[in-house]
Structures are given as C-alpha cells and as structure tokens.
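Just below is one structure, and these are the notes that go with it.
The values are calculated or read from the model by the stated rules, or taken from the named source; none is laboratory data. Since the structure is predicted, the reported quantities are computational estimates derived from the model, not experimental observations. Positions of Cβ are generated from backbone atoms using ideal geometry, with glycine treated the same way; all protein chains shown enter the neighbour counts.
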Amino acid sequence: MSLSVYMCIDENSQSVDYYILRSYFNGRLFLWEMIISWGLRKPKGYLVHGLLYKGSFLQRIGTIHFEAEGFFVLKILADNQSHSPCSLFWCLVFEDLFDHSFTPNMNSSEAASDQNNCGICSSSLTTEQGQAIFTAECSHCFHYPCIANNVQHGNLYCPICRAKWNKDNVPFQVSPPQNNNSAAIPPHIPFPSQQQTRWYQYPSMQEPEYPPEPPTFSDDEPLQSSTSPIQSLVPRKITLKTHTESSAISAAESSPNFPVLVSIRAPHLNDSEGHGRTPIDLVTVLDVSGSMRGTKISLLKQAVTFVIENLGPSDRLSIVSFSSSSRRVFPLQRMSVDGRESAILAIESLRAGGATNIAEGLKKGTKVLEDRRERNPVSSIILLSDGKDTYNTTANRLLNQLPDSIRSSNTQQETPVHTFGFGYDHDPSIMHAISDVSGGTFSFIESVEMIQDSFALCIGGLLSVVAQEVRLTVRSASPGVKILAIPSGRHVNEISTEGQQGVVHVGNMYAEEEKQFLVYLTVPESSAPQAHTKTSLLEVLCMYKYLASNELMEVQGEKIEILRPEVCSPAEKTVSLEVDRQRNRILVAEAIAEAQRLAEIGNLEGAQALLAQRKEILSTSTAAQAGDFHSNLFETELREMMDRMASMKLYKRTGRAYALSGLSSHKLQRATARKCRRVSHSGGFEGRKASGASSGATPGESPAAVGAFETPAMVRMVEKSQKRNQPAPDQV
C-alpha cells in the first residue's frame, strides 16, 4: 500500500468538517479514508511533509493554517483498528498541488520541540522519565512501547519520514501480513453531498526502485584526444615571497622564537575563461533521502545543473545518489553537448525517499573513480547531505568504512572530498571529518539560496588547478639557526636534521591561490665583530608539477637575511604587517578550535570567555591597529562565533557547523561557503576588494564564502552563478 493524497473540489462547501468513508486493514496498517471540507478558500501555498499530529484533528488543524478550496480526501494510517480517527496521528503529504509547494506554518520553536518528542505520542523523549528510547535507521526517535505497538502490526515504515526499515534492524516481533477486513461506517458520521468532483493523486513517499547496476564501473567514456597537456611557450612559475617579523635583531641579542613568513602563489590560467585548463573527473554524491523532498531537491537539481553547464568537453562527470542505499545515476562521461544533456536528464530523474546512508554513497562514488579505465589529471568528489547518517552515528564508524583512496595520509595520492552540509539537521562533525581526512573542504549551507553559489565557489577552484604535488622546502642558512615549528594546518610538514630542514607538502594549488606559512626559528647572537652585518636565516625552494605542460618545476627563492646592528633603530624594530596578519589568522583558527572543543563538553561560558580574550588580543595587534582588512575580517569571524555560542541550542543548530566550516577553511587556507549575519565576508588577496563588494553585495547579505582565501576563478564562478539567478528585466 502506498500513502497517497486525493483532493476533491466542491464549489458549494462552506464549512469545515470531516467524514469517515471506510476503514480496512491492508496487511500492515489500518487505513481510514476521510474527507476534510475546507470551504470556499483559496490555496495559500503551504506544504505539509510527513508531519505527525495526535489528538483531535479539528483542534490541531488550526496550527497548520492550510487553506484550500473544497474537500480533501486523506488516507490516514493507524496501528490499531479500535482507535478513533480523531485520536490518530496524522501524516499529511500534500505535494505539487496545483503546481505549488505547500509548507506548514509552524514557528521555529514548535519545529525544534518536535525533534525532542516521540513521533507517535508527541510526549517528551527525555530519559529522566524512565522510558526506553528507540532510534530508528532514519534517525527518528520514539518511546520503545509506542514503536513496539506500531511495529507489532507489521508496520516497517517510519511514521515520520516513511522510510522503510530493515526488518533485521528492528528489535521487535513483526506479525505476518493479514487479510484485508473492513469496518462498518459509524452511522452518526454523515457523508458529503453527492456532486461532480475533480480528483488529484500524488505519488508514494516510499523510496523509488531502480534497475540493477553493473558489477564494475569500467564503462567511463574515453578521454578526448585533445586532452593532452597544452604546451606553453614560457611555463608560468609559482612565485615565492618572504617577510621577517622585523628587519633587524641587535647583534648582542638572540631570538628563541623568531617568525619568518614564506608565501607561495600559483600562476594564473592561460586566460580568464579557463581555455586550455586542466580537465577534471568529477563525481557528485547527492543525498536524496526523504528529508530532501520539495524545495531542497529542486534547488539541488538547479545547482548541479549549473555545475554541468560550466564543465567543458574534456571534463567528465558521474552522478551518484544515496538514501537508504546508493546507486550510480550517471556514468563517468565527457561533458560534450550530448553529455551535458544526458547528465541534466539524469539529475531531473532524481526522486527523494528513504533514509540516509552517507558511507554507501561515498563508497560508490569512490568506486566510480577507482574502476575508471582512463584518468584525467585532476579528480574530486562533491558530497552533499542534509541529514544525519542513519547507519553510522559516529565519525569514526563511518570513516572506517571508507576506501583508502579518500582517507590516505599521503596528500599526493588522495581524492579530495568536498562536503556540503545542508540545513540545520545534517551532522557537521561527520561531514567535516570526511573532508578533513580526504584533504577536501567542508561548507555549511545554512539557507537554501546558498546551494548554487556554494557549488560555484567549489568548482571555480576545481576547474582552475594549475599545479600538483607542490612541496615547499626551507633550510637553515647559518650555523645556530634552527627551525622550531611550521604551523601548516592540514598540510603535512616535516622538520628534520635537528631543525636544519623543514618540508611542507602543499598538494594541489588553484590558479592564483596563495598559501602562507610562518616558520619559527631560533636565531643566535651574532659573532661578527663589525657593525651592521647580516645573518642568513633560510634558503627557500619550491618544487611542483606544472599541469599546463606536465613538467616538473623548481623555483629557488632568495636567501632570507636579517640585519644585526649593535642597536636597532625604531624603524628596524617595526613589525611586518604581513607576518602579523598571518599570526592573527593562526590565533583565530586556534581560538575557534579550542572554543569548539569547550562547547562540545558543554562549557559554553569558557568558550565565550576564550573567544572574547582572543578577540581583544587580535584587536590590539599591529595589523589590526593599522586597519588591515584581513585582521578586521578575522575579528568579525570571532564575534560571529561568539554569537553562535550564545546558547547550547543555538550552538547545536548552527554554531558547530559554522565553527567546523571555518576550521576547514583555515586548515587548508582555502575558501569554504558559510553564511555570516554580520557582514559580507568574502575576501581575497592583499589589495583586492571583497568579492561580495565587487559583485554589488552590501553589508549584511549572505556571501558565498567566508574568509580571505577566494581566488579570482572562484569569484568569477560565484558571480556567474549569481547572475544566472537574477530575474530577467521583464520579471523585475
């Protein structure tokens, strides 16, 4: 039996009433068919999706505020034939009525409280009441006696989201199917007047069934013959810049922790449109569980269509969807004109239903890349989910199921997974853990309008990879100068030969992307007798593979030196803004990480105090006092984090995801998407305006990215997305 909704238009009805038509048992649940009369009122445009209501229907209907013309005939499920229809739970699934979407008019406090109540009896799920709690595969919770009584009659469907449960995962005795039987219609219930009606039927909420997949995914379309690297007459090189904290240290002094900033910046693309760029193999792994119904899946389709439209004929795309299980919707094919059309048709075929199994989706997405016969130089996975994994409740449990290729510690071989947590119900800890272990980024899509811009930000970078296997090496240039530490975030670093050499494995770099690393040194006293001598501190070398020509390149930086006068002048003691800015960024990243740790153990007061203290330190720094744009941006980030830790409820709703997305950005020095209510935070390189400002955004808008790591290619792609969504002049 499928759960369906029918609508009957009755132009003469003026009252609100309900009528029982019949009841019968279909082998799993008792089914009452009822007509609800709403009178002559126009549809308001609300959607009711899998919401449960217990108690008098006529009393509860006032909280939904749904108005439409005529009669609705509802098929209402119950687990006990003796229950009166007025005391049943009600599952309303109005969808696509008159080509509209309809949502319940419930305030946020009601929605939040529903998550803490049993989905059957609506009472509290607190364990202090001494009642056992059952958490289903789909993550919805019920009192043990309530759900046991429900399952006892053969019902293996979640009463909230209609996801079908695996019988082996339900710790209850499920009775075998029974023959249908009917119940007489109570004589006191009147029938509606007999008249001509128009009926509309809506689809089942069960997970759709699809044909079997091939055992291996070695059916990828061959690479385009012209995808061999394009030879450049003059290979563009990565540029190196260095800054010392101050220009001098007096000869009689030693410095036990002297910072030196080493910056590497990737070359730009051959042209701003990306012609001749490196092609990519991209797999999108998309959540199509029951919670994605309605507006969410519509906007997801729109966002992925935007990605498809911006891939070139040398790029290849595969689409994987997951709910309770996973399937490959579209094989790895080139995005030629025909390939794009086929991919868009595949996206449009997606239907939501079932539970959430992130691990299965990722395993299938990885298998697509592992089984391919040919390989483009760049490959990546994009993962989007709006819910908690039904089958793996902890990050460690899920990560242990993932293939080595996306959780390898070798940054040169990894397949980065860029994860997108959508809405307030996803599990940011799991999504961040997946991105972190694979070398990808985690973005928090707080509001529905951010989906396409968030994808645009990500692919703007992925479609502009110019260098791979980037490795930065620094070596001591004088006796007694030792390398103490290189805070490098997610990038693995190694210090060897008793502090004489340090290596940072950067991995791939996007066009015009910049990475900055502070190298902390021990600098001894100067033994030179003459005044104003110099001490050589470091030699800098960068090696990488330049993808435009597939050449291994080596860039030697200038030797880093510092003056050693007898007495330093005030100018020689001036702190470098570049060094101080990077120090501020690390300060903020460490503060957010520690505050998030305190929040996880319930110490919000300590988290707030820590953030306030670090904000004060940052505001008095040399860079902030000089009005440095990025330092002010970092201070705003701390204030935003404090706002989202104002209460445990708010922290769980948005603070955790916001913090983890920020940490993901700082660890890789790469832009992620998240929403900031305070100010448009999109930043860029020194001297460049925020992308939000350049695209016409105003303070207070929701930017596509937060941080100082956007590249020009990312900014262009986000602006292209925003322009695509702008209404035509005749529609304004």
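Before moving on, here are some points about what is shown:
- Pair list, Cβ under 7 Å, 6 or more apart: the range 556-584 residue closer than 16 Å to residue 623 by Cα and acidic (Asp, Glu), other residue in a loop (DSSP other than H, G, I, E, B) and at pLDDT 95 or above: 580/621
- Count of the range 331-346 residues which are within 19 Å of residue 287 (Cα to Cα) and crowded, with 23+ Cβ neighbours inside 10 Å: 2
- Subset of the range 420-446 [crowded, with 24+ Cβ neighbours inside 10 Å, among the aromatic types (Phe, Trp, Tyr) and over 19 Å from residue 710 (Cβ atoms)]: 422
- Screening the candidates 376, 396, 392 for the property of being in a helix (DSSP H, G or I) and on the phi < 0 side of the Ramachandran plot yields one hit, 396.
- Qualifying residue in the range 467-474 (condition: within 30 Å of residue 269 (Cα to Cα), among the β-branched types (Val, Ile, Thr) and touching a Phe, Trp or Tyr at 6+ places or on another chain (Cβ under 6 Å)): yes
- Every residue from the range 360-378 that is surrounded by 21 or more Cβ atoms within 10 Å (Cβ to Cβ) and either under 20 Å from the mean Cα position of the chain (by Cα) or farther than 23 Å from residue 465 by Cβ (or both): 360, 361, 362, 364, 365, 366
- Of all positions in the range 332-343, at least one carries a residue that is without any contact (Cβ under 8 Å) to a residue 40 or more places away in the chain, under 19 Å from residue 381 (Cα atoms) and part of a loop (DSSP other than H, G, I, E, B).
- Failed item, numbered, when residue 199 is tested on (1) more than 30 Å from residue 470 (Cα to Cα); (2) at pLDDT 95 or above; (3) more than 29 Å from the chain's Cα centre (by Cα): (2)
- Top-ranked residue of the range 556-585 - restricted to ones that are of a type in the set (A, V, I, L, M) and loosely packed, with under 14 Cβ neighbours inside 10 Å, ranked as modelled with the lowest pLDDT: 567
- Exactly one residue out of 246, 250 is modelled with pLDDT under 95 and not acidic (Asp, Glu), and it is 250.
- The set of residues in the range 508-534 that are within 21 Å of residue 263 (Cα to Cα) and surrounded by 22 or more Cβ atoms within 10 Å (Cβ to Cβ) comprises 508, 509, 510, 511, 513, 515, 517, 519, 521, 523.
- First in the range 252-265 and in the same structural domain as residue 567 (by TED's automatic domain parsing) and of a type outside the set (Lys, Arg), second anywhere and exposed (fewer than 13 other Cβ atoms within 10 Å of the Cβ) and not in a strand (DSSP E or B), Cβ under 8 Å, 6 or more apart: 252/566
- Looking across the range 447-478, the residues that are buried (at least 24 other Cβ atoms within 10 Å of the Cβ) and of a type in the set (Gly, Ala, Ser) come down to 454, 456, 460, 461, 464, 467.
- Of everything in the range 544-553 that is over 32 Å from the mean Cα position of the chain (by Cα) and not in a loop (DSSP other than H, G, I, E, B), the residue that is farthest from residue 666 (Cα to Cα) is 551.
- Total residues in the range 286-311, condition surrounded by 18 or more Cβ atoms within 10 Å (Cβ to Cβ), out of contact with any helix residue (DSSP H, G or I) (no Cβ under 8 Å at 6 or more places or on another chain) and in contact (Cβ under 8 Å) with a residue 60 or more places away in the chain: 4
- For the range 489-506, residues that are of a type outside the set (Val, Ile, Thr) and buried (at least 24 other Cβ atoms within 10 Å of the Cβ) total 1.
- Residue in the range 600-617 that is part of a loop (DSSP other than H, G, I, E, B), hydrophobic (A, V, I, L, M, F, W, C), at negative phi and modelled with pLDDT of 95 or more present: yes
- Residues being in a strand (DSSP E or B) and free of Cβ contacts under 8 Å to residues at least 24 places away in the same chain - total across the range 494-538: 3
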